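A.B. asks: Please find one structure pasted underneath; my questions will follow.
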Amino acid sequence: MDVETIKQSNGKLAPYLICAYNGTDYITSYDSNQKSLFTTFFDKLLSQINPGSTAIIYAHNLSGFDGIFLMKHLLSVGKVEPLLFHGKLMSIKVIISGNNKTYNKTIEFKDSYLLLPLSLRKLCLAFKVDLVKGYFPFNLTNIYYTGVFPKFEHWTDISLSEYTELSKTNKGKFWSFQQEAIKYCKLDCKCLYEVLIKFNKLIFNEFKVNIHKSPSLPALAMRIYKTQFMPLNSIYQILGKPEQAIRNSYSGARSAGAVDVYIPHNRITPFIGNIESKFKQLFYYDVNSLYPTIMAKHLMPIGRPIYFEGDIRNIDPDAYGFFYCKITSPEYLEHPILQRRIKTSEGIRTIAGLGTWSDWISSIEMDNAIKLGYTFEILKGYQFETGDLFSSYVNRMYALRKQYPKGDAMNLIAKLLMNSLYGKFGMKMEMTRIDIYDCSTQGGKDHFKEIINQFGESIQDYVKIDDNFLIIRNCSMDVKYDEESDMYHGQDVNIAIASAITAGARVHMSLFKNNSYFNLYYSDTDSIV
């Protein structure tokens, strides 16, 4: 499906057209009245769904745009269950039920952009969909306009030469905003449908996984990994104090590795005066697939973390894990390589400086820093066994990339999947839930007040929509976990793995720092200048 909008005089966007396509038939609803627009669309949509079944409806960028309009109007259709993750609307489930069970239906609205994070035009090219995305005068705001071909200033994302060709084609013809808008919207729906059908076939043929079971690309990558590549009893569910401690070693804006500017510009001539500006030539280098490379080539923490106190290296010189240490840097180092978080007037900042401090650190990064003169007093920590977790997954994806030419859909999918798996491991163990309460009656208002008192500080926000309140709350405390039943492969989160990957990446990038062969201007997660 797709929702088209126009910008009103107050600057707000207003929907006027909704289209949907199921491979055979189209649904369209066109109206300046939003209530009528959505009611007509939902009535037509429900007539297409068989009783007792579930329909999955994709919109490209549902979480950022279309979902906002859908939420309000779905409340009158049935029971609405939105799925929110880290503040992003992932999906909306609507359950329609009644006294007659044959009428019971379920609709799941999903965001295709979360599965394929590229523009629809780029996806059509990659998946060789012949239906090339059209052009439309989005700056024209009269949805009932009819007449001559609209002027150039009404069009967006179109060159003057392209406009000239379109204008010649439409010269002397009757041009209708409504007809052209519906044609454009239908084309978008058909394009997205064809892309998703091809995407699902490619994924299923290659990995025997259905894309519709996963709300996002990282979730799809994790499903493929867990069903096809993950060694048995390898990824342990880390919770509580161990999780909190190890997360402190997950440094660099949580996942960005390290970003530093050493020399702020490359200008040779002075900034003042009328002298012609001259600049020193710089070279920018980027590591090819740094995180997947680290995942494939480095041993990873596996199994249960074992807590210890004191210096474990006195007992086991090769102990691997995450250690809480008193850290002392060399007296002078041009480009310090270890990060720490400091409190400033502008909040917590991550810096790489000199001095002495205490913090959690991966043994991988600690051993690398010792080579540059850092010293460590290990006070406590968590030790892990190590093993190869990802080489088969990464090598398979890389082989697929080489098998298919650049620009091919399978090459794109393999690249996306190869780079998407890491992020799932580092996510916080935080879950958000949205509950919707009808406050149109006194009883509903009283119940809503009870809910506010019951959940208290776990409530993050609430939104009023007509007579309904949407409560957004943290529901991490709702989760009950039985340690004996399953502590392996429980959730798709393991902070030790995420921290080990980023530590390995920083170790790799440290090869280019304090190196006499380089005059370093800048470095970040996977590149240098």
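The values are calculated or read from the model by the stated rules, or taken from the named source; none is laboratory data. A quick note: this is a predicted structure, and the numbers were derived from the prediction, not measured. Because the Cβ atoms are built from the backbone with ideal geometry, glycine has one as well, and the counts that use them run over all protein chains shown.
A.B. asks: Is it the case that some residue within region 390-402 is in contact with a Phe, Trp or Tyr (Cβ under 6 Å, 6 or more places away or on another chain) and of a type in the set (Phe, Trp, Tyr)?
C.D. replies: Yes, region 390-402 has at least one match.
A.B. asks: I've got another one for you. How many of the residues making up region 48-81 are among the small types (Gly, Ala, Ser) and crowded, with 17+ Cβ neighbours inside 10 Å?
C.D. replies: 5
A.B. asks: Here's a follow-up. Restricting to region 19-51, count the residues that are in contact with a Cys (Cβ under 8 Å, 6 or more places away or on another chain) and not polar (S, T, N, Q).
C.D. replies: Selection size over region 19-51: 5.
Every residue, every condition in (1) without any contact (Cβ under 8 Å) to a residue 40 or more places away in the chain; (2) closer than 27 Å to Ser91 by Cβ; (3) of a type in the set (Gly, Ala, Ser); (4) touching an Asp or Glu at 6+ places or on another chain (Cβ under 6 Å), yes or no:
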site: Phe152; (1), (2), (3), (4): yes, no, no, no
site: Thr169; (1), (2), (3), (4): yes, no, no, no
site: Trp175; (1), (2), (3), (4): yes, no, no, no
site: Lys190; (1), (2), (3), (4): no, yes, no, no
site: Lys201; (1), (2), (3), (4): yes, yes, no, no
site: Val209; (1), (2), (3), (4): yes, yes, no, no
site: Leu217; (1), (2), (3), (4): no, yes, no, no
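A.B. asks: When both residues are 6+ apart or on different chains and their Cβ atoms are under 7 Å apart, which pairs have a first residue that lies in region 114-126 and is more than 17 Å from Lys406 (Cα to Cα), and a second that is part of a helix (DSSP H, G or I) and modelled with pLDDT under 90?
C.D. replies: Here the result reads Leu114/Ser63, each pair linking region 114-126 to a residue that is part of a helix (DSSP H, G or I) and modelled with pLDDT under 90.
A.B. asks: May I ask you to verify whether Gly67 is under 26 Å from Asp438 (Cα atoms), within 24 Å of the chain's Cα centre (by Cα) and either of a type outside the set (Lys, Arg) or in the same structural domain as Ile95 (by TED's automatic domain parsing) (or both)?
C.D. replies: Judged against the criteria, Gly67 is a match.
A.B. asks: Here is a further query. Give me the strands (runs of 3 or more DSSP E) completely within region 68-179, filtered to those with at least 2 residues that are at pLDDT below 90, ordered by residue number.
C.D. replies: Filter on region 68-179 gives 79-85, 88-96.
A.B. asks: Looking only at residues that are part of a helix (DSSP H, G or I) and under 24 Å from Leu89 (Cβ atoms) in region 44-64, which one is modelled with the lowest pLDDT?
C.D. replies: Gly64
A.B. asks: Determine which member of the set Gln237, Gln244, Gln281 is surrounded by 10 or more Cβ atoms within 10 Å (Cβ to Cβ), polar (S, T, N, Q) and free of Cβ contacts under 8 Å to residues at least 60 places away in the same chain.
C.D. replies: Gln244
A.B. asks: Let me ask something else about it. Could you tell me whether any residue of region 496-514 is closer than 23 Å to Ile294 by Cα, in a loop (DSSP other than H, G, I, E, B) and at pLDDT below 90?
C.D. replies: Looking for residues that are closer than 23 Å to Ile294 by Cα, in a loop (DSSP other than H, G, I, E, B) and at pLDDT below 90, one finds none in region 496-514, hence no.
A.B. asks: Checking the conditions here, which among Ala409, Ala369 is in contact with a Leu (Cβ under 7 Å, 6 or more places away or on another chain) and more than 30 Å from Asn200 (Cα to Cα)?
C.D. replies: The match here is Ala369.
A.B. asks: Follow-up. How many of the residues in region 415-441 are among the charged types (D, E, K, R) and modelled with pLDDT of 90 or more?
C.D. replies: Final tally of qualifying residues: 1.
A.B. asks: When you check Ile56 against the structure, is it in contact with an Asp or Glu (Cβ under 6 Å, 6 or more places away or on another chain) and under 22 Å from Tyr103 (Cα atoms), yes or no?
C.D. replies: yes
Rundown of residues vs (1) within 20 Å of Asp111 (Cα to Cα); (2) not charged (D, E, K, R), yes/no style:
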site: Thr5; (1), (2): yes, yes
site: Tyr16; (1), (2): no, yes
site: Asp25; (1), (2): no, no
site: Ser29; (1), (2): no, yes
site: Phe38; (1), (2): yes, yes
site: Phe42; (1), (2): yes, yes
site: Leu45; (1), (2): yes, yes
site: Gly52; (1), (2): no, yes
site: Ile57; (1), (2): yes, yes
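A.B. asks: With respect to Leu412, is the statement that it is surrounded by fewer than 19 Cβ atoms within 10 Å (Cβ to Cβ) and modelled with pLDDT of 85 or more true?
C.D. replies: Answer is no for this residue.
A.B. asks: Return the only residue of Ile246, Ile302, Ile272 being of a type in the set (Val, Ile, Thr), assigned to a loop (DSSP other than H, G, I, E, B) and not assigned by TED's automatic domain parsing to the domain that holds Ser91.
C.D. replies: One residue alone meets the criteria, Ile272.
A.B. asks: A follow-up question, please. When you scan region 309-358, how many residues do you find that are out of contact with any Leu (no Cβ under 8 Å at 6 or more places or on another chain), without any contact (Cβ under 8 Å) to a residue 24 or more places away in the chain and part of a loop (DSSP other than H, G, I, E, B)?
C.D. replies: Total satisfying the criteria: 5.
A.B. asks: Next question. Please enumerate the residues belonging to region 312-323 that are under 36 Å from the mean Cα position of the chain (by Cα) and under 21 Å from Gly373 (Cβ atoms).
C.D. replies: Phe323
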